[in-house]
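We did not get these values from a lab; they are worked out from the coordinates using the rules stated. Just so it is clear, the structure is predicted and the values come from calculations on it, not from any experiment. Because the Cβ atoms are built from the backbone with ideal geometry, glycine has one as well, and the counts that use them run over all protein chains shown.
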Amino acid sequence: MWKGLNVGGNSGSAFPTIIMFALLFGLMYFMFIRPQAKRRKEAESMQKSLGAGDKVITIGGLYGTVVSTDDESVTLEIAPGVTARYARQAVGRVTEQVKAPTEHVVDNPVKEEK
C-alpha cells in the first residue's frame with residue numbers, strides 16, 4: 001500500500017533544504033534586523049543633535065526642555081526652576097528643535113563700478 005512513498009529512507013539531496021534555510025534567513029534579515037539597525041542609527045543621530053532649548057519627551061513620558069548636554073547625559077528643565085539629569089538614551093523624541101541663528105547672507109550684492 002505504501003510502496004510508492006519514501007517514508008523512512010533518504011530522499012536525496014539536502015541542497016533544497018539548505019536553500020530554503022538561506023532564503024528564510026535572508027527574509028528575516030530584511031524584515032527584522034535591517035529596519036531595527038536603521039531605527040537605532042536614527043535615534044543615535046537625534047540624541048547627538050540635542051542642544052539647549054530643544055523640547056523633548058523622555059522614554060518614560062516626561063516632557064522637558066534641554067538646558068545642557070555632555071557626551072553621556074542631558075540636563076532637562078522639567079518645571080520652571082527644576083532640572084534633572086538624564087542619560088542621552090532616555091530621550092525618546094524631540095517635539096520642538098531650536099534652530100541655530102543663521103548668518104545674514106546677501107543674495108544680490110551690489111558691485112561697485114569704476
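Amide H of GLY92: which non-local residues (sequence gap of 5 or more, or other chain) have their own amide H closer than 5 Å, using H built in the peptide plane?
For GLY92, whose amide H was placed from the backbone, the distant partners under 5 Å are ILE57, THR58, ILE59.
Would you list TYR63, TYR86 from fewest to most Cβ contacts within 10 Å?
Result, fewest neighbours first: TYR63, TYR86.
Counting pairs of alpha carbon atoms under 8 Å apart in space and at least six apart in sequence, what relative contact order in percent does segment 15-96 give?
It comes to 24 percent, rounded to a whole number.
Based on the Kirkwood radius over alpha-carbon pairs, what is the Stokes-Einstein translational diffusion coefficient of segment 15-96 at 37 °C with 0.692 mPa s viscosity, in µm²/s?
223 µm²/s
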